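For reference, the structure discussed in these notes is given below.
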């Protein structure tokens, strides 16, 4: 999707019509890159192009957990998620138990041409945004970027043995809404 189509999709009436006609489809910038959470310091390095300036969502995806004996609730936690935006250490232990295990990730985004750092931080991924019978998705970070070419580096800071043999991936995309 280019800047003009994206701009039109944001209009009240025209945007709704375009959305219903599937003209506002915005594919992920980075789609399902393998990311072995079982291993500490495992990482992904990939290049991508942001076609428009906006906030993008880095997501951690867990696939086919039931195949390997991991329940969806063990990964996603359970409602309510009143603590999702809070520092994990400040959340009472009783409520932490309902959230699913936290996953600390180091995220670095650099401009491809200049090497300028746009994001360099550690994110404690703790809440699911969607789940189904075959997958669970957690938002790792919200990254505001202008249009341009970038290099994304994501590193797992702590091995997650509870993941077992489950397949895990990372994605970067526009989010789940218009």
inquiry  = Would you confirm, using the coordinates I've provided, whether residue 113 is in a loop (DSSP other than H, G, I, E, B), at pLDDT 75 or above and closer than 24 Å to residue 31 by Cβ?
reply    = yes
message = Suppose we keep only residues that are touching a residue at least 12 places away in the same chain (Cβ under 8 Å) and closer than 17 Å to residue 55 by Cβ within segment 85-110. Which one would you say is surrounded by the fewest Cβ atoms within 10 Å (Cβ to Cβ)?
response = 107
Qualifying residues in segment 137-153 (those that are within 11 Å of the chain's Cα centre (by Cα) and either free of Cβ contacts under 8 Å to residues at least 40 places away in the same chain or crowded, with 19+ Cβ neighbours inside 10 Å (or both)) - the one farthest from residue 99 (Cα to Cα) = 143
ask   = Here are 59, 49: which of them is part of a strand (DSSP E or B), surrounded by fewer than 12 Cβ atoms within 10 Å (Cβ to Cβ) and either touching a helix residue (DSSP H, G or I) at 6+ places or on another chain (Cβ under 6 Å) or at pLDDT 80 or above (or both)?
value = 49
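Just checking, how many residues over segment 2-46 are closer than 18 Å to residue 150 by Cα and either buried (at least 16 other Cβ atoms within 10 Å of the Cβ) or modelled with pLDDT of 70 or more (or both)?
The number of residues fulfilling the criteria is 12.
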ask   = For residue 108, are the conditions met, namely being touching a strand residue (DSSP E or B) at 6+ places or on another chain (Cβ under 7 Å), farther than 22 Å from residue 146 by Cβ, outside any helix (DSSP H, G or I) and at pLDDT 90 or above?
value = no
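Hey, does segment 98-105 have a residue that's at pLDDT 65 or above, over 15 Å from the mean Cα position of the chain (by Cα) and farther than 23 Å from residue 159 by Cα?
No, because not a single residue in segment 98-105 is at pLDDT 65 or above, over 15 Å from the mean Cα position of the chain (by Cα) and farther than 23 Å from residue 159 by Cα.
The values are calculated or read from the model by the stated rules, or taken from the named source; none is laboratory data. Keep in mind that what you see is a predicted model, and the values were worked out from it rather than measured. Every residue, glycine among them, receives a Cβ derived from its backbone with ideal geometry; neighbour counts consider all protein chains shown.
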